[in-house]
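> Just passing along the structure, written as structure tokens.
Where a number appears in this text, it was derived from the coordinates with a stated rule and is not lab data. The structure presented is a predicted model; accordingly, all values stated were derived computationally and were not measured. We place every Cβ from the backbone using ideal geometry, glycine too, and count neighbours over all the protein chains shown.
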Amino acid sequence: MSFKLEQVSSVVGGNTHIYPLDLTLTAGSLNVLLGPTQAGKTSLMRLMAGLDKPTTGDISWNGDRMNDVPVQKRNIAMVYQQFINYPAMTVYENIASPLRIRGLSNKAIDKKVMEASELMKLTPMLQRKPLELSGGQQQRCALARALVKDADLVLLDEPLANLDYKLREELREEMPKIFTESGAVFVYATTEPTEALLLGGNTVAMSEGRIAQFGKTLDVYRNPKDMTTARVFSEPPMNFLKITKQGGELHVQGEQTRTATGAFTTLDNGQYTVGIRPNHLMLHRPSDDALAIEVTVSVVEITGSESFVHLLHGDQRWVSLAHGIHHPESGSTLTVYVDPSNAYIFDENEQMVRAPELAKVA
Amino acid sequence: MAEIHLKGLAHSYDPNASEEGHYALKQIDHVWEDGKAYALLGASGCGKSTLLNIISGLLHPSKGQVLFDGVDVTNLPTEERHIAQVFQFPVVYDTMSVYDNLAFPLRNRGHDEATIKERVLNIAEILEMTDVLNKKARGLTADAKQKISLGRGLVRENVAAILFDEPLTVIDPHLKWLLRMQLKSLHLRLKRTMIYVTHDQTEALTFADKVVVMHDGYVVQIGTPEELFDKPQHTFVGYFIGSPGMNFIDAKITGSQAVIAGETVELAASYEIKDSDKVELGIRPEFVTLSAAPSAGSFKVSVKRIEDIGRHKIVHVDFNGNDVSAIVPENVAITDDFTNMVFDQSRINIYSNDWLVEGGLSHD
Amino acid sequence: MTKTWNNKAWFMVLPVVILVAFSALLPLMTVVNYSIQDTFGNNQFFFAGFEWFEEIMTSSRFHDALGRQFLFSTIILAIEVPLGIFIAMNLPSKGWKSSLCLVLISLPLLIPLNVVGTIWQIFGRADIGLLGASIAALGLDYNYTQNAVDAWITIIVMDVWHWTSLVALLCFAGLQSIPEAYYQAARIDGASKWATFRYIQLPKMHGVLLIAVLLRFMDSFMIYTEPFVLTGGGPGNSTTFLSIDLVKMAIGQFDLGPAAAFSLIYFLIILLMSFIFYTVMNSLDKKEG
């Protein structure tokens, strides 16, 4: 069983929303569409659902072309950012509604509704109206309705975005459970890298109407194939540093030339961009190989256990995520360290040529 | 600029409310210092928006007073309180240019154009918006609009406090970082009293000098990010701050020993607690260590689930029927034979009926 | 990639196409047909070219009616739009009071046109009408059947009574869509009532105002029933607006050719004016935004 997009594109009123793309999703898989707003996540979902027709390309389900099958006849379910329920019906009837349309017996409906409500922790409030529930419960109700449908394709468009932070945490923990228990293809759009990591499964990194990378979530995170994916899949944003390797020497943008160390020694001569995740931009020298770089402190944010130290390297904004509480003065200069073994190295065409050693372990 | 004093404040949306349960905001007495940044943190429905609206004058409290620098402003309307506010959704005057937007509050108060120009240019400079001053506000991005909303407050020199009502809701994650940082540096530079309402702990902790944690109409703790992390005064604070939140395990305490899930833990202090109280041991996932080999004072656990979020892993283990989560660094590979758990003794907190208990000196 | 065409959609729109053809296009073509021909009955027609158009365009009767029509529509818009906005702003915004007010102000909209005319015809009579008698009792000489100014005033008051609520309802809907935060921000910024209106309410009402102005312009420009019932176009020709004149010409005098040309010119004027309104108001919005 598979859901396939081939050379699918979408052009609306002369604006290209989706550039031709290929994507194959298998049944029982969770696929996270990750990217900033305007990356094309919602456009792609609408194409998948059949709400919009692709300008070019084919959408097929198990090899059957679906382009001309109207939405009503496709077996799909969709959950939106807004909590959409029937306000006049009880939670029970809301969840039961897709089954009633299908004409199932009351007994079969009851069984499915009870199962779904158990999973979504809605059992005590089945007789209430959606508007009497909290935001989290309303969204659980919408999710339960999508689940009982036994749809082949379940589309979730930023379903947790309107929920409180802690509620998000709870629902995120429960979601993977739901996904494994159902045989559907799940597509889940989010703007938050952490959410993608918590959900696991596969990730489709999107940027400006194109798929930057598709693969297992952790693999995409650890081995971004280019700077676009690295940018999309990093929170806080990844720090970038331009270097030139020549012989045994390393020219660092805006810095003195120094001897190449660690993983830098084996690089071919040429220009590179080094990508450093904020948690790998160290305030203390981690190893003898580490590259020391002078920066200016702009602001420090403290979360209680960690500190976000915002820095300026030339005119580039950097951020270091350091364990513990650090209070460097705003405007002061500071030395930060980059362990070559923790650095992503991209070539002049922004393609990744080397991932950190950690990535190889995992 | 002002010190804000909340005196015996309480509010109910039902004018005939008699029981405490009917109050959205229960008895609050606090003084918020001049020039500091505060965050009101809590889940939706905890009373934080009610409190904000009382400070801004959009709501009149059922009980108590609001004092700005010792002056009772409880009965003053919003416009006479000298406050500024940034809303959840950007509010700009669509038909005006950015310049006119920033000048609007000054023009309304009858300042002369020369003064207006000087202040607007100054604020535009601080907000890094000088190059868009002549653009219409309507066409700008959400984050630029939020900066204009803020700017309209900053141009007024006599503003007692700037209030923020979940200002980053509609901002993209990538820009959130930038805008949040700009807000923070703005505060460091201008030292104005700022009050920031949010449900997002990261926003609250990173922005504020002091975070006011609210739960069910009460202020449960006011503290610096470190205090909230190290010494949550209430189990709710432990749960709400940190992701995942603090682990709580039912305990029985005698002196400096706690019995949890049938195992004994040596504590760094001794406690005197009534038997009838509900006692819990609290430990943050950051201070739970898992290992393959047993060590002194370690307990047997089994690994249930691992969430790898890149920079670290969250490991959920089963500890004799209790769920405990631990944070494991990126470079440690976790396997199923990591069956030994140990707590950092100095980081253990003890809670009685949900409130933190301070321990006395241990007699051991 | 080849694009497949699904022609089923054409069958779906076919009924509408047929309906529009019979209800709008065919009668319009009949009118076009009449406008370029002359007839003396017996179904005998002679081609007249643009003669009727020329006649109408140069007739002082048409010019006078057109002048009256423009004056009428201008006055109507000048009163109803500001008044509608004013009413909308002063309506209670929520609760049962709001619902009650909305029902009350919509009542005039539910009354058929000829009944409106009849109501005012009786209401304004100096001998038995409440309004007419009251004015007479004040010692004012008021008689809409004798005095042209009185007739105009009566028709305008009648139209304002009948249609202002439409503008008010549209504006009310526009105002309701403004989030509370805007008003709060305005209060915090120390904006006066006028500034709040000018910079928040008016810009946010722009869309509905455009619709209101267009509807009221088109409707008032085509007004027929009410003045016909009230004064029959008099006294003299003082309230003979374009449509009344047209009916007189077509049915009273049975001048089908000139009447058809008249209708076409009338139609084109409305089309042109609506287009101008639309373009001007839209570009105003662009300039402001």
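> Which Cα, out of B:178, A:286, A:257, lies furthest along the positive dipole direction of the protein assembly as shown (beta carbon charges, K/R +1, D/E -1)?
Of the listed residues, the answer is B:178.
> What is the magnitude of the charge dipole of chain C about its Cα centre, with +1 placed on the Cβ of each Lys and Arg, -1 on the Cβ of each Asp and Glu, and no other charges, expressed in debye to the nearest 20?
Numbers: 15 positive and 18 negative charges, 258 e Å.
Its charge dipole is roughly 1240 debye.
> Under 12 Å from the Cα of residue B:231, which aspartates and glutamates turn up, not counting those fewer than eight places away in the same chain?
B:358
> Let me ask something additional. Rounded to the nearest 10 degrees, what's the angle between the helix B:173-190 long axis and the longest principal axis of chain B, both from Cα atoms, 0 to 90?
Value to nearest ten degrees: 70.
> Separation of segment B:22-99 and segment C:185-263 by C-alpha centroid, Å?
Between the Cα centre of segment B:22-99 and that of segment C:185-263, the gap is 47 Å.
> Any idea how far apart residue A:323 and residue C:133 come out in nm if each label point goes 7 Å out from Cα toward Cβ?
9.7 nm
> Can you find, among C:19, C:192, A:142, the residue sitting farthest towards the positive end of the charge dipole of the protein assembly as shown, where Lys and Arg contribute +1 and Asp and Glu -1 at Cβ?
Value computed over the given set: C:19.
> Gain in length, residue B:125 to residue B:189, computed as 0.36 nm per residue apart minus the alpha-carbon separation, to one decimal in nm? List each step's numbers first, then the result.
Working: separation 64, 0.36 × 64 = 23.04 nm, distance 1.30 nm.
That pair, residue B:125 and residue B:189, stretches by 21.7 nm at full extension.
> Further, regarding this structure: Per 0.36 nm of contour for each residue apart, how much would the distance between residue A:24 and residue A:249 grow if the chain were fully extended, relative to their Cα-Cα spacing?
Details: separation 225, 0.36 × 225 = 81.00 nm, distance 4.46 nm.
Value of the extension gain: 76.5 nm.
> What number do you get for segment A:2-231 when its Cα radius of gyration is normalised by 2.2 N^0.38 Å, N = residues?
Working: Rg = 17.7 Å, N = 230, 2.2 N^0.38 = 17.4 Å.
Compared with the compact-globule rule of thumb, segment A:2-231 sits at 1.02.
> Once the piece of chain linking residue C:145 and residue C:176 is laid out straight, how much longer is it, given 0.36 nm per residue of separation minus the C-alpha distance between them?
Values: separation 31, 0.36 × 31 = 11.16 nm, distance 4.29 nm.
Length difference between fully extended and current span is 6.9 nm.
> Among A:106, A:94, A:279, determine the one that fluctuates most according to a GNM of chain A built with springs between C-alpha atoms less than 10 Å apart.
Answer for the Gaussian network model of chain A: A:106.
> Right, another one. With θ set to phi - 60°, apply the Karplus curve 6.51 cos²θ - 1.76 cosθ + 1.60 along segment C:208-213 and write out the HN-Hα couplings as whole Hz, x wherever there is a Gly or Pro.
Using θ = phi - 60°, the values come out as 6, 5, 4, 5, 4, 4 Hz.
> List the residues of segment B:291-327 whose backbone N lies under 17 Å from a point placed 7 Å from the Cα of residue B:252 along the Cα-to-Cβ direction.
B:320-322
> Moving to a separate point now. Considering the options C:133, B:190, A:28, tell which one lies farthest towards the positive end of the dipole of the protein assembly as shown, charges being +1 on Lys and Arg and -1 on Asp and Glu at the Cβ, about the Cα centre.
C:133
> Distance check, please: which entries in B:176/B:313; A:4/B:304; B:147/B:191; A:112/B:300; A:177/B:313; A:73/A:111 exceed 27 angstrom between their Cα atoms?
Working: B:176/B:313 24 Å; A:4/B:304 34 Å; B:147/B:191 17 Å; A:112/B:300 39 Å; A:177/B:313 18 Å; A:73/A:111 25 Å.
Long pairs (Cα-Cα over 27 Å): A:4/B:304; A:112/B:300.
> Which FRET efficiency value, to the nearest 0.05, is calculated for residue C:59 and residue C:271 with the Förster distance at 35 angstrom and r the Cβ-Cβ distance?
Details: r = 21 Å, r/R0 = 0.60.
Computed FRET efficiency for residue C:59 and residue C:271 comes out at 0.95.
> For Cα pairs less than 8 Å apart in space and 6+ apart in sequence, what is the mean separation divided by the residue count of segment A:236-360, i.e. the relative contact order in percent? Could the numbers behind the result be given before it?
Details: 285 pairs, mean separation 32.6, N = 125.
Rounded, it is 26 percent for segment A:236-360.
> Return the sequence-ordered ³J(HN,Hα) values of segment A:33-46 in whole Hz as given by the Karplus equation 6.51 cos²θ - 1.76 cosθ + 1.60 applied to θ = phi - 60°, using x for Gly and Pro.
Karplus values, whole Hz, x for Gly and Pro: 8, 10, x, x, 4, 6, 6, x, 4, 5, 4, 5, 5, 5.
> From the Cα gyration tensor of segment A:89-184, with a ≥ b ≥ c the square roots of its eigenvalues, which class applies: rounded if a/c is under 1.5, or else prolate if a/b is larger than b/c, or else oblate?
Values: a/c = 1.89, a/b = 1.29, b/c = 1.47.
Because a/c hits 1.5 or more and a/b fails to exceed b/c, segment A:89-184 counts as oblate.
> Which of rounded, prolate or oblate describes chain C when judged by the alpha-carbon gyration tensor and an a/c cut-off of 1.5? Display every interim value, and only then the final one.
Working: a/c = 2.12, a/b = 1.18, b/c = 1.80.
Since a/c reaches 1.5 but b/c is at least a/b, the shape of chain C is classed as oblate.
> For segment B:170-219 and segment A:58-120, what is the separation of their C-alpha centers, rounded to whole Å?
So the separation of the two Cα centres works out to 40 Å.
> If you build the convex hull over the alpha carbons only and average its shadow over all orientations, what do you get for segment B:4-240? Give it in nm² to one decimal. Walk me through the intermediate numbers first.
Working: hull surface 53.1 nm².
With every direction weighted equally, the projected area is 13.3 nm².
> Enumerate the calculated ³J(HN,Hα) couplings along segment C:12-20 in order (Karplus 6.51 cos²θ - 1.76 cosθ + 1.60, θ = phi - 60°), each rounded to whole Hz, writing x wherever the residue is Gly or Pro.
Result, rounded to whole Hz: 5, 8, 4, x, 5, 4, 5, 4, 5.
> Using a Förster radius of 41 Å, what is the FRET efficiency between residue A:38 and residue B:72 based on their Cβ-Cβ separation? Nearest 0.05, please.
Values: r = 49 Å, r/R0 = 1.19.
Between residue A:38 and residue B:72 the formula returns 0.25.
> Another question about this same structure. Pairing the Cα long axis of helix A:165-181 with the longest principal axis of chain A, what angle in degrees results, from 0 to 90 and rounded to the nearest 10?
It is inclined by approximately 70 degrees.
> Let me ask something additional. How far is it, in nm, from the label point at residue C:109 to the one at residue C:194 when both lie 7 Å from their Cα along the line to the Cβ?
3.1 nm
> Mind running the shape call on the protein assembly as shown? Use the C-alpha gyration tensor, a ≥ b ≥ c as the square roots of the eigenvalues: rounded below 1.5 for a/c, prolate if a/b tops b/c, oblate otherwise. All intermediate terms of the calculation are to be shown ahead of the outcome.
Values: a/c = 2.09, a/b = 1.77, b/c = 1.18.
Prolate shape, in that a/c is at least 1.5 and a/b is the bigger ratio.
> Quick check for me: using +1 on Lys/Arg Cβ and -1 on Asp/Glu Cβ, what's the dipole size of segment B:4-240 about its Cα centre, in debye to the nearest 20?
Values: 25 positive and 30 negative charges, 100 e Å.
The calculation lands at about 480 debye.
> Once the Cα atoms of helix A:135-148 and of chain A are each reduced to a long axis, what angle between those two axes, in degrees from 0 to 90 to the nearest 10, is obtained?
60 degrees
> Hand me the trypsin sites (Lys or Arg not before Pro) from segment B:255-314 located in a DSSP loop with no more than 15 other Cβ atoms within 10 Å, in residue order please.
Those that pass, being in a loop and sparsely packed, are B:274, B:278.
> Normalising by the residue count of chain B, find the relative contact order in percent from Cα pairs under 8 Å and 6+ residues apart. Working shown, then result.
Numbers: 748 pairs, mean separation 58.2, N = 364.
Computed value for chain B: 16 percent relative contact order.
> Report the normalised scattering of segment A:239-302 as log10 I(q)/I(0) at q = 0.16, 0.17, 0.20 Å⁻¹, calculated by the Debye formula with identical scatterers on the alpha carbons.
The Cα Debye sum returns log10 ratios of -0.57, -0.64, -0.87.
> When the label point is put 7 Å from the Cα of residue A:114 along its Cα-to-beta-carbon vector, which residues of segment A:124-152 have a backbone N closer than 16 Å?
From segment A:124-152, the list is A:124-127.
> Charges only on Cβ, +1 for Lys and Arg, -1 for Asp and Glu: so what's the dipole of the protein assembly as shown about the Cα centre, in debye to the nearest 20? Display every interim value, and only then the final one.
Values: 85 positive and 110 negative charges, 373 e Å.
Magnitude of the dipole: close to 1800 debye.
> To continue, here is another question. For chain A, what's the relative contact order in percent, using C-alpha pairs closer than 8 Å and at least 6 residues apart?
Values: 755 pairs, mean separation 54.4, N = 362.
So the answer I get is 15 percent.
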